[in-house]
Structures are given as C-alpha cells and as structure tokens.
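The values are calculated or read from the model by the stated rules, or taken from the named source; none is laboratory data. Source: prediction; values computed, not measured. Note that we place each Cβ from the backbone using ideal geometry, even for glycine, and neighbour counts take in every protein chain shown. Side chains included, ligands, DNA and RNA excluded: accessible areas come from the protein's heavy atoms. Shrake-Rupley method; radii C 1.70, N 1.55, O 1.52, S 1.80 Å.
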Amino acid sequence: MKRKFWYIVWCAVLLAGGGVWFFLTVGESGTPIVEIGADVAVIGRQKALNVTFTDAGRGLRHTEIVITQENRPQVLSSVDYPEAGVRSKAVSIAVDASALKLHDGPATLTLTAVDHSLWSNRTTVVRPVQIDFLPPQIFQLNTQNHINPGGTCVVAYRLSETVPRTGVLVGDLFYPGYPVTLAGKPGYAAYFALPMDATPGNPQIRILAQDQAGNETVNGIPSLIMKRKFRSDKMVLSDGFLGQKMPEFQAAIPELRGKTPIETFIHVNTVLRDDNLKTIQSACLKSEPRQLWQDTFLRMKNAAPMALFGDHRTYVYNGKPVGESIHAGVDLASLVHAPIEAANGGIVRFAGLLGIYGSAVIIDHGLGLSTLYGHMSGIQVKTDQTVKRGEVIGLSGATGLAGGDHLHFGVAIHGQFVDPREWWDPHWIADNVTKKLEAGS
C-alpha cells in the first residue's frame, strides 16, 4: 500500500510539473504586447512610425503593420520569426503616404503580433488615423513692419488651424509665436529681434507654421529695414582698474588664480562673457505665454546715459588692442546706491551673481520679452517673485566688470538683446506693438 501511495504521489507530481511546464511554454495563454512609440493620430506626406512588439513567453512568431484607406489594405511591415525566443522587436518604418497613394481623409492603422505558443496567441491593435497633406495657411495682419537694426519687431497673424509649432525665423534663429486674442478672435503674436548688422533682405524674416502632420508653410514678412549707425570707441585699461577689478574674478574662478591682471581680463571678456550670455538666454527661455507688462517701460530716474546700446568697444592696454565687445544695453548713472525699479510688471527669472554683470536681476514680461539689471550693489527680490512696474528691486552699484556705480539696463527678446530705448518710447510702443496686437481680421 505504501508503495502504491508513493507511486500515485509521484505520478501526480510529474503530471503537475508537466502541466506547469506546458502552460509556461508551448501552452502559454498570455498575449503579446504592442506599443506605438509616438502619436500617430495624423499622418502627413512622410511619417516615421516606431512600434515595439513584445512577448514574455515563447517569443514572437509574426508581426505585421497594415494601413487601410477605403477598404484598400497595404502592408507596411510583415516579419516572421521562425525560431522561438525573440521576445522583443522594435520596428521602425517611414510611411510615405504619397507613394502609397493615400489621400486626405480617414484611414486605419492595424498592428498585429502572434506568439510561438501552441495556441498562436494574437494581439491586434486598431488605430484610426487622419491623412493630412494640406499645409496650414498663414494670414498676416500687419501690411508693413518698420524695423531698426538691433531693434524689436512684433507681428500678429492668424492660421487656418491650430498647430504645435509656429513663430518667426530671422535667418536661422527661431522666435516662437504665442496664441493670443486679436480683435476678439484667436490668433498668434511673435516678438523677434533684428541683428544690428541687418540690411534689406539680410537676414530673411519669415513666419513659419508646422501642423501636427509635419506639413509646413513659410511666408516672408513685409518689412522695411531702417538705416542706422552705431558708435565705436576705445577703452583704455589702466593698471589701477585691472588691479581693482580682476581679483574679484580670480576669487570666483579658480583657474584664473595665478594669472596676470590682463590675462584675467581677456578671459573675463571672452570666455566668461560667452558663459554669461548662455545663462541669460536660458533664463529668458522661461517666458510666460501671455503679456505681463502695461504702459511704457520705466527708465532709471534722474540718470545720465554713460554708454548706449550697440556701442562697439575696443579695449586697449599699453597701447595695444586686447579685446572687443558690443555693448548690449544702456548704462545709466545717478547717485551711488540709487534705487533700481522694475521697468514693468513681470516675474523674476534670475536674481544673483552673473559674471561680468555682477549682481543682476532678469525679469520676464511675457511672450519672450525680458529686462536685465546689472552691476547692482544689492538685490531685493527673489527668483520666481512677481513684481510690479516701479517696484524697487535693488540698488545700483559697481559689481562685475564695472568701473563705477551705475545700472546696466538691457532688454532681450528670447535671449537676444535689443535697444532698450524703443521700450522707453510710448509712441514706438503704440505704433509697433499695441496697434499691431489690436489688428482686426
């Protein structure tokens, strides 16, 4: 009896083990998984399609991708896997809708995976898609744009459809457009900067609109580039100035320790200046998609201009040129430690040490427009703080690469500096910003 009992037990164990093996291998019941890597709701003339097929059991036997329009199926991909064990396969294909003779309208994408189990478990995913060959239309609302080299321009326009990417191209630089309400209707506004060396036709200025299917429209912007000259001057570097200011940078930048004052200046005027610009551009990219400012931008009270926007400076030491720079703002001097007011309402995006600008503040005014306040002796605001027009944000000073107490005031469009004097002029704002954004259909 004992022997019979253990024989029965042993047979039961074998049967159970065999059953477990069967259902974990050839008899598995789990179905494959199909994952689409990107949004495929809309397909334009060219579409990259990335699909991952996965089976955790015996592996994949067959995968297939089919697109169907008007009951006409077309196989985009069909792969057989003769040997078991292929548990994951990424399939990337370029859908050429024109070559497939698809047309504007609805279609269906069918993705199928079959595994190597005895039952040939199958997963089928069906996705409705829209074939779209029509590019968006651009309707410009400003018939002419007068732009100063080194200045700001604002354009208002409407599109025939909502798009994920639109804005203005100035040469290779892209300035995003923001959804706004124009004369009670939806539209877009884009602020952009014109380089100081711009001439009629150079660089090209265009509005771009790209829809979800990748269809793109680019229209030239009617513009009149004004004539303008910028000043040039020489700045003689004295041993007294270098001896006073360069230790500040040597203390902050370890690799400058042991360098001579003039070697330190050259590093500060090149490497550090470039690094500071990258920091400024990064801070300016975080801009509210709405206008935060009102009225004319404020100018520092009772202050005399010491240097203007666009001044080309040549630095001279011991009678020899040792560097150059383009002044990217206006220097304003008043009393020592004079109060500095926010030029307009906005959100503080940066407050702290900023290399050549010393203690500095950057305020975002929305739609890519920012102001910079440099060389301050004290900062009275914090990052992400909301400030009002005329609110005191700190005191003037001589921090950074400054020879005396003053405010360096800059205006930037998506991190590209422009002439601040335009934004101090109520007539310029009315003609070049306000009226454009009030444009009708």
From T314, T371, grab the single residue that is among the β-branched types (V, I, T), surrounded by fewer than 20 Cβ atoms within 10 Å (Cβ to Cβ) and at pLDDT 95 or above.
T314
Where E422 falls short, out of the listed (1) assigned to a strand (DSSP E or B); (2) open to solvent by less than 30 Å² (accessible area, probe 1.4 Å):
(1)
May I ask you to list pairs of residues, at least six apart or on different chains, whose Cβ atoms are under 6 Å apart, with the first in the stretch 319-333 being buried (at least 16 other Cβ atoms within 10 Å of the Cβ) and the second being part of a loop (DSSP other than H, G, I, E, B) and among the acidic types (D, E)?
H327/D311
Checked the stretch 159-189 for anything over 28 Å from R45 (Cα atoms) and among the aliphatic types (A, V, I, L, M); matches are V180, L182, A183, A189
Do we find a residue being basic (K, R) and within 14 Å of A402 (Cβ to Cβ) anywhere in the stretch 345-360?
no
Identity of the residue in the stretch 89-145, touching a residue at least 24 places away in the same chain (Cβ under 8 Å), part of a loop (DSSP other than H, G, I, E, B) and hydrophobic (A, V, I, L, M, F, W, C), that ends up most open to solvent (accessible area, probe 1.4 Å):
W119
Subset of the stretch 252-290 (residues that are open to solvent by 70 Å² or more (accessible area, probe 1.4 Å), assigned to a loop (DSSP other than H, G, I, E, B) and under 30 Å from A430 (Cβ atoms))
K286, P289, R290
Residues of the stretch 41-73 that turn out to be surrounded by fewer than 21 Cβ atoms within 10 Å (Cβ to Cβ) and of a type in the set (K, R), as a count:
3
For I347, are the conditions met, namely being modelled with pLDDT of 95 or more, open to solvent by less than 10 Å² (accessible area, probe 1.4 Å) and either among the aliphatic types (A, V, I, L, M) or part of a loop (DSSP other than H, G, I, E, B) (or both)?
no
Exactly one of A209, A213, A193 is closer than 16 Å to V154 by Cβ, surrounded by 13 or more Cβ atoms within 10 Å (Cβ to Cβ) and in contact (Cβ under 8 Å) with a residue 60 or more places away in the chain, and that residue is A193
(1) out of contact with any Gly (no Cβ under 8 Å at 6 or more places or on another chain); (2) without any contact (Cβ under 8 Å) to a residue 12 or more places away in the chain: which one isn't true of T181, the others all being true?
(1)
